[in-house]
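Notes for the one structure printed next.
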Amino acid sequence: MTENYIGLKPIKEILGMNFFIPNYQRGYRWTKQQVKDLLDDINEFIEKKDKGIYCIQPLVIKEQKQETFDLIKNEAKNIEEIEKLLKGSWEVIDGQQRLTTIFILLTYLDCENKYNLKYATREDSESFLLSIDHGKKEDNIDYYHIIEAKEQITKWFTENGNDLEIFKNTLLNKVNFIWYESVDENPIAVFTRLNIGKIPLTNAELIKALFLNKSNFESNDFKKIRLQQQEIASEWDHIEYNLQSDEFWMFLHEQNYDKPTRIDFIFDLICNHNSLKLKEEEMKDIGKDEYKTFRYFYAWFKRKTDITECWKEVKSYHQIFQEWFNDLELYHYIGFMIENKIDISTIIKEWKKEGRTKNDFTKQYIIPSLKFKIAKCSDLNKQYEIENSPKKTQSRPLLLLYNIQTLINQNESIKDNAKYKLPVFYKFPFHLYKKEAWDVEHIDSNTENQLEDEKDQKKWLKCSYSHISDNDLKLEIEKFLIDAEDKKDFDYLRAKVIANTTSASVKLNNEEKNKLWNFTLLDASTNRSYGNDIFPMKRIVIIGKDQGKKITINDDVADFEIHQIPGEIAFIPPCTKNVFLKYYSPNTDNLREWDKSDANTYLKNIETVLEKFLKDE
């Protein structure tokens, strides 16, 4: 297995080297702003008097061994020239823009011994860089941008008044390239991936090069090293494969993640925890930019410590996540905690406490953490949305925990039943939950939707038609649908429909509608699709969404059927589904309304399911 080499090189170590810019790359195109940003960043590093290093993004190169041999053979006239040429010739796959900018900066700072830049298709650019002629700014696009960069550098130093020697010393000794030697036989393919597809080298790729570099293995036995490399590569792929499963990943993480490989998440955690126990001085060197994690592992590898120790730490994080994922309670409780913004680093730290059993972890850390997260809504009779009362969204954590604990209880019951013998029957799907925005929805609408459009009015009446028992009222609806006159007629008819489909004696009043017993979780798109409609209409829409069907009503005034066509499916939380199926209600004959008896039995179930989180101990 031939591996890519990875390391850090200060600018002073690449002086005298020969870099070749191949014809598949465009010319120099950095803007004045990009040059200014680089100078500002280096200056900020100087002002902080940081003892670490300033790291520039990766310079991806491929050694041109034959070209080096030819240069020595044909051009070297003395031992000094041979030594210079032995520094090698490198094809620049990625990083040309930064490399050229640093060259222009070194020229401005009167650094005599620079590196050499040769161009496959723009040979005159090499000599132009050595002697920039401002009179040729408009001759070609390369010259234009080179002169723009030189002018920006001159302007920046004039305006900032920096000590040139301090800046030069910092540039040479403290500014480092991430040096990435590619062994790929096709550098154009590497360039295409990094530039055309705009897929930069990730921390994970750079760290992988460290793990698979043969110089980091203690053995001198090539076969043994190759076997270890293959083992790490295989385990690496297995970890990444697991993390690429949304069901596994989104139990641990939010949906938004901008890195192409998810194993970076583990490396970032190890770095942020300092799990490899780097010394304080070493930690100062790793910086705070996007390649901080790579430099953390690079610092560890510089110690020449046994590589298996580091890889074992990486695997231990994955094993922790797998153990959580495969445990009924840990999966649900930790998933809830992460969804409610408890840092996973804190959870891992608590999990790793010496001598702590799983039972201790649950009792001493998990349960108190969950109690704290629902503390603001643990009063089940709390009033919301009225005058100075809190918003109903404050109850969201409790409603989510209610759904989760319901599933835990169901799984426990099934697990104890010898008939099934299943470790887990159904888990709460965090990967589906996190792909939606969630509302705390009124089960019985708090305010009726003011239907102004005639088409919406007729749709509402048709939806209500099948739930009406009064034949005279049905005739009035039929008449309105044929010959709608004005809004007042609809308002009058609507009031009669609501009175017919609900029982005034058990109806929730406005204050009661803004309590937990009238709340449930519903995805925002479904909630907004029906507005503040009556209970039976909500029920039809939600059941349809759960089945992946869309409710449609024909314009034909004689057609009172509610039709279902294929539509967008939505994840309906189990307890929300139960509410609209009247799962908690003793009387399931009345599907037209959500009354006080329904609300009471629903609240009682919440209290029973969440008992251990609501009681004081």
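Nothing in this text is a laboratory measurement; each read-out follows from the coordinates by a stated rule. Source: prediction; values computed, not measured. No Cβ is skipped: glycine too gets one built from the backbone with ideal geometry, and neighbour counts run over all protein chains shown.
What to note about this one:
- Dimensions of region 332-402 based on its C-alpha atoms, expressed as ranges along the principal axes with the largest first, amount to 50, 19, 18 Å.
- Near Phe519, the amide H atoms lying under 5 Å from its own belong to Ile443; only residues 5 or more places off or on other chains count, and H is placed 1.01 Å from N.
- Residues Asp327 and Lys507, FRET efficiency given R0 of 51 Å [Cβ-Cβ distance, rounded to 0.05]: 0.70
- Model label points for Leu591 and Glu240, set 7 angstrom from Cα along the Cα-to-Cβ axis, are 5.1 nm apart.
- The local environment of Asn554, defined by Cβ-Cβ distances under 14 Å, has a net charge of +1 under the rule Lys, Arg +1 and Asp, Glu -1.
- Here Thr608 and Lys279 are evaluated by their C-beta separation; at R0 = 35 Å the FRET efficiency comes out at 0.05.
- DSSP-defined antiparallel bridges as percent of all bridges, the chain, nearest 5: 60
- Unit charges at the beta carbon, dipole of the chain: most positive-side option, Leu461, Val314, Ile404: Val314
- Computed about the Cα centre, the dipole magnitude for region 378-617 is approximately 1180 debye when only Lys and Arg (+1) and Asp and Glu (-1) carry charge, each at its Cβ.
- Projected area, mean over directions - the chain, Cα convex hull, nm²: 41.9
- Nearest-0.05 FRET efficiency for Leu581 and Leu380, computed from C-beta distance (R0 22 Å): 0.50
- Subtracting the Cα-Cα distance of Gln564 and Asp163 from 0.36 nm times their residue separation leaves 136.8 nm of extension gain.
- Low-density loop positions, trypsin sites (Lys or Arg not before Pro), region 492-582 - DSSP coil, at most 10 other Cβ in 10 Å: none
- The sum of -39500 (n - 2.57) across all DSSP H runs of n ≥ 4, divided by the residue count of the chain, sets its helix-only mean residue ellipticity at 222 nm to -15500 deg cm²/dmol.
- For Ile93, the residues 5 or more places off, or on other chains, whose built amide H falls under 5 Å of its own are Val60, Ile61, Lys62.
- Each Cα pair under 8 Å and six or more residues apart adds its sequence gap; the mean of these over the residue count of region 378-617 is a relative contact order of 26 percent.
- Extents of region 378-617, largest first, come to 63, 42, 32 Å (Cα atoms, principal axes, whole angstrom).
- For the residue pairs Lys496/Lys549; Lys48/Lys114; Lys458/Lys513; Lys373/Lys515; Lys434/Lys596, alpha carbon separations beyond 22 Å are given by Lys496/Lys549; Lys48/Lys114; Lys458/Lys513; Lys434/Lys596.
- Residue-wise HN-Hα coupling along region 262-270, computed from phi with Karplus coefficients 6.51, -1.76, 1.60 (Hz; x: Gly, Pro): 8, 5, 3, 4, 5, 4, 5, 5, 4
- Descending by average beta-carbon neighbour count within 10 Å, the peptides 457-466, 17-26 line up as 457-466, 17-26, the highest first.
- Magnitude of the charge dipole for region 222-373, about its Cα centre and with charges confined to Cβ atoms of Lys, Arg (+1) and Asp, Glu (-1), is about 600 debye.
- For Ile56, residues with placed amide H under 5 Å, excluding near neighbours: Asn176, Phe177, Ile178
- Our coupling estimate for region 467-474, obtained by passing each phi through the Karplus curve with A = 6.51, B = -1.76, C = 1.60 and θ = phi - 60°, is 9, 9, 9, 7, 5, 5, 5, 4 Hz, Gly and Pro reported as x.
- Rg and Dmax, both from the Cα atoms of region 222-373 and both in Å, are 16.8, 56.
- The mean sequence separation of alpha-carbon pairs under 8 Å and at least six residues apart, normalised by the residue count of region 222-373, gives a relative contact order of 23 percent.
- Evaluating 6.51 cos²θ - 1.76 cosθ + 1.60 at θ = phi - 60° for every residue in region 173-181, the Karplus couplings come out as 9, 10, 7, 10, 8, 6, 8, 10, 8 Hz, glycine and proline recorded as x.
- Using C-alpha pairs under 8 Å with a sequence gap of at least 6, the mean separation divided by the residue count of the chain gives a relative contact order of 13 percent.
- In region 289-372, trypsin sites (Lys or Arg not before Pro) in a DSSP loop with at most 15 other beta-carbon atoms within 10 Å: Lys302, Arg303, Lys304, Lys341, Lys352, Lys353, Arg356
- Rounded to the nearest 20, the size of the Cβ-charge dipole of the chain about its Cα centre is 1560 debye, with Lys and Arg at +1 and Asp and Glu at -1.
- Each other residue within a Cβ distance under 13 Å of Leu117 adds +1 if Lys or Arg and -1 if Asp or Glu, for a net charge of -1.
- Stretching Phe222 away from Lys479 to a fully extended chain increases their span by 83.5 nm, per 0.36 nm per residue minus the current alpha-carbon distance.
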